[in-house]
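Accompanying notes for the structure given below.
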Amino acid sequence: MHKCVLKPLKPVLSSCLHQSMVRSGAWSQLKDNMAAAKNRPPAEMGVTDALSPDPLAIDKIRHKIQAMCKLYSPEKKVHRLLQVCKQIYTIMEDHSGRLFGADDFLPMLTYVLAQCELPQMEAEVLYMMELLEPTLLNGEGGYYLTSAFGAMSLIKNLEEEQAARVLSSQTRDTLHQWHRRRTMQRTAPSIDDFQNFLRVALQEQDSGCTAKTLRVHPQATVEEVCSLCALKFCVREPEQYRLFLTTGGSSQQLTPDSHTQRIKAELHTRDAPDTFHFVYRRVDFQDTSSQANEANDANNANANTTTARPETQSDLSPKLSLSLPQSNIHSVSI
Amino acid sequence: MAASGAGGGKTYSFKVVLLGEGCVGKTSLVLRYCENKFNDKHITTLQASFLTKKLNITGKRVNLAIWDTAGQERFHALGPIYYRDSNGAILVYDITDEDSFQKVKNWVKELRKMLGNEICLCIVGNKIDLDKDRHVSVEEAESYAESVGAKHYHTSAKLNKGIEELFLDLCKRMMETAQAEERLKGNGASQSASNRRGVQIVDDEPQATPAGGCCSSG
């Protein structure tokens, strides 16, 4: 599979990733931070008593990483990454004769990656994280991939690191979405997990909810999403429709200049994420008082429109459907 | 958590994350436990940051993957990428260092918030060989552990004390959690489809298929 799919895909993916990073300014920022990190002595990167590799060894490691970048198979790439880690360990051990844990290894890896000054490592790590066989993610390869990701985000957030001691919200959101896509507990990823898509439900007085997945860029405003909805849902009077966000029991209209994907990201990264839906409906839509009614309506309406199994509709009260555990609700949230 | 049937018996695979301040002895602890048990079949037998251990508990095979983390404050923010998907967490403090116990409390709060009650927590007071310099009282530590649904252990990596028990106990608890989850799944399997309600939707797209479902080489 890797050969027939990934081989032709890898160069395309890499150049797309690169271009998007250049466009967003992330590339030059990463380059700058990497150059700044390169000038820092090992101690400032958190390296304490372990001796760091000399320039010759750094050169060798850089070549290994460059060779790794050329491969298309995520498994083979991870294998190379492990060789790099092993080399770092060997150097550390040769000088001290003891074994090292993460307290010493992670700072050293960060230092070495900064010395190598290869900003393309960022995209490489993402490529492996997305495409590595899920069972391998919890193994040795997954561990060192995680460490490489950690090291790169430390370098990327070099300046903020001192002040904030937290990952940038963007990194957190990327991680959160990646986690949802790649976690072992979930079998199928939901399309909503992707940053460029948005599920929007059309809610009509008489026919219940219909949802569509729309391609919505991270920067798109609510106004743009509304015109897209008008087009996709073929509503007759688009000027009468607005986009609403419903969470828990409440529903609020979104202002035209807000950004739906940012709202989604914000909701995703909350400590205790609520279920939420983006709903496209008429301004004069009669919100039949409470959430229970709303859900009830939707449920009843569903009986007409979906192919859901009949027995699921009849014998369970709407009240029960609202008391489902979070995980169940989440898996079907739009 | 992954439990798979292999060769008739059941094999559990658990991920355990090691958390705690730098210098509390996380690495020595796990090295002690996995001593001379390096798995030669691994692609590369790297060092002490990632270790594996195979056990046999009441006839069930258990594969442990132990993830060490960097304890220094500057790496704190990276915690979530290490503990995601963990079945268990070992939170280590140094009994002679009050501050390291405080750090454990912070980790407990964070883990409970992020992962809920499904993760088995072990709070470990290490370096009991230095009991004369103890700064964290046994009562305080034990009652704290109980209050957050964690188990407390005392270990000495130096004297190889309490470590075997710690891991064995943790494995048993993780197995119980996994079994309880399976039972729940077993009961709920037929219902999972019927649970799909709330604001239900008409899908106009084919369902996403699990990544690599058809061609994974194995």
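The values are calculated or read from the model by the stated rules, or taken from the named source; none is laboratory data. As the structure is a computational prediction, the values presented were derived from the model and not from experiment. Ideal geometry is used to build each Cβ from the backbone, glycine not excepted, and the neighbour counts take in all protein chains shown. In case anyone asks, the SASA skips ligands and DNA or RNA and just uses the protein heavy atoms, side chains included. Shrake-Rupley method; radii C 1.70, N 1.55, O 1.52, S 1.80 Å.
Taking a Cβ cut-off of under 12 Å around B:Asp169, the surrounding Lys, Arg, Asp and Glu residues balance to a net charge of 0, with basic ones at +1 and acidic ones at -1.
Expressed as a whole percent, the accessible surface of the range B:82-124 that belongs to carbon and sulfur atoms is 44, based on a 1.4 Å probe.
Dipole magnitude for the range A:1-65: about 500 debye, using +1 per Lys or Arg Cβ and -1 per Asp or Glu Cβ, origin at the Cα centre. The apolar share of the surface of the range A:2-182, taken as the fraction of accessible area on carbon and sulfur atoms (1.4 Å probe, ligands and nucleic acids excluded), comes to 57 percent. About its Cα centre, the range A:191-283 has a charge dipole of approximately 160 debye under the convention of +1 per Lys or Arg Cβ and -1 per Asp or Glu Cβ, with nothing else charged.
About the centre of its Cα atoms, the range A:2-182 shows a dipole size close to 860 debye [charges on the beta carbon of Lys, Arg (+1) and Asp, Glu (-1) only; nearest 20 debye].
Proximity of backbone amide H atoms, modeled 1.01 Å from N, is registered between A:Val216 and A:Phe197, A:Leu198 at under 5 Å, excluding neighbours fewer than 5 places apart on the same chain. Surface exposure of the range A:1-149, expressed per residue as accessible area with a 1.4 Å probe, stands at 44 Å².
Considering only Cα-Cα distances, which of the following residue pairs are longer than 23 Å: B:Lys132/B:Lys158; A:Lys7/A:Lys38; A:Lys60/B:Lys15? Pairs exceeding 23 Å: A:Lys7/A:Lys38; A:Lys60/B:Lys15.
Looking at the range B:23-177 alone, DSSP beta bridges between its own residues are antiparallel in about 45 percent of cases.
Per the Debye calculation on the range A:191-283 with a single equal scatterer at every Cα and no solvent contribution, log₁₀ I(q)/I(0) for q = 0.14, 0.15, 0.16, 0.23 Å⁻¹ amounts to -0.46, -0.52, -0.60, -1.28. Other residues lying with their Cβ under 13 Å from the Cβ of A:Lys76 contribute a combined charge of +4, Lys and Arg counting +1, Asp and Glu -1.
If the cut-off is 24 Å between C-alpha atoms, which lysines fall inside it for A:Lys232, apart from same-chain ones fewer than 8 positions away? Within the straight-line cut-off, A:Lys232 pairs with A:Lys212, A:Lys264. Listed by chain and number, the lysines placed with their C-alpha closer than 18 angstrom to that of A:Lys10 are A:Lys70, A:Lys76, A:Lys77; residues fewer than eight positions away on the same chain are left out. When all alpha carbon pairs of the range A:2-182 are counted in 10 Å bins from zero, the resulting P(r) reads 9, 37, 39, 14, 1 %. Taking the charge dipole of the range A:1-128 about its Cα centre, with +1 at Lys and Arg Cβ atoms and -1 at Asp and Glu Cβ atoms, the residue from A:Met121, A:Pro8, A:Ala36 reaching farthest to the positive side is A:Pro8.
Inter-chain Cβ neighbour count for A:145-158, averaged per residue, equals 3 (cutoff 10 Å, partner chain atoms only). Net charge of the neighbourhood of B:Lys10, taken over other residues with C-beta under 13 Å away and scored Lys/Arg +1, Asp/Glu -1, is +1. Which value, in square angstrom to the nearest 100, describes the accessible area buried between chains A and B on both sides, using a 1.4 angstrom probe? Chains A and B together bury approximately 5700 Å².
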